[in-house]
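Report on the following structure.
The values are calculated or read from the model by the stated rules, or taken from the named source; none is laboratory data. Values in this document were obtained by computation on a predicted structure and should not be read as measured data. Neighbour counts are summed over all protein chains in view; Cβ atoms, including those assigned to glycine, are modelled from backbone coordinates with ideal geometry. We work out accessible area using only protein heavy atoms, side chains counted, and drop any ligands, DNA or RNA first. Shrake-Rupley method; radii C 1.70, N 1.55, O 1.52, S 1.80 Å.
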Amino acid sequence: MVAVAQDVQGEERVRPVVEERDIGFLVLIDRASDLARLLEFRIVPSGFFVDAQGSVCYRHVEDFDVSDPRVRWNLERFLAREPTESPDEDGRMDPAALERFAEGVERYAAGGTVEALALWRAALELDPDNFVIRSQIWAVEHPEHFWPAVDREWQQMQLLKEGYDKPLP
């Protein structure tokens, strides 16, 4: 098992969470959301089962939870090398939005927070359902709602304030 933290702020933000939760498996950090681009997801947590040849055998990009009986059933099938049944979802990411997001990550890493936020907002305009991008904007602007714990209630209220008119994730 490998976890990937989608966080533009990097290890200094991720390490305390990993330590606090006593996570005993590898946690990679994907600042520029390269994995999101490759696997085409817009929201975390997302889950994928990848075989030894690198093929994605199972894709679950909305509300992934390893304790969900459907996920566990598919995990057992995957481990037994049997076919899995991914849920019907269309959480694929807009490639142009992700490119703009990656540009913002570069600016942020170079100390250009204002420029990074502008690029991320432009990316979000291209893909308004992209919660990987949206949550990174929030995390930079409102870190108190992300560390030491993620405030889901605040996120839901923020979506309403921003005029998000679809069902909340």
Accessible area of the chain divided out per residue, in Å², using a probe of 1.4 angstrom: 60 Å²
For a quick check: with amide H placed at 1.01 Å from N, whose amide H comes under 5 Å from residue 58's, ignoring anything fewer than 5 positions away on the same chain? 49
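When the accessible area of the range 1-145 is computed with all protein chains present and a 1.4 Å probe, what percentage of it is carbon and sulfur?
Values: 4280 of 8400 Å².
C and S atoms contribute 51 percent here.
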For the range 61-169, restrict the atom set to alpha-carbon positions and state the Rg and Dmax in Å. 16.9, 49
If packing is taken as the mean number of other Cβ atoms within 10 Å per residue, what is the order of 150-157, 44-51, 29-36, highest first? 29-36, 44-51, 150-157
Can you tell me the 0 to 90 degree angle between the C-alpha axis of helix 95-109 and the longest principal axis of the chain, rounded to 10? 60 degrees
Using a/c under 1.5 as the rounded threshold, could you call the range 1-108 rounded, prolate or oblate? The axes a ≥ b ≥ c are square roots of the C-alpha gyration tensor eigenvalues, and prolate needs a/b larger than b/c, oblate otherwise. oblate
Mean residue ellipticity at 222 nm from the helices of the chain, using -39,500 (n - 2.57) per DSSP H segment of n ≥ 4 over the full residue count, to the nearest 500 deg cm²/dmol? -14000 deg cm²/dmol
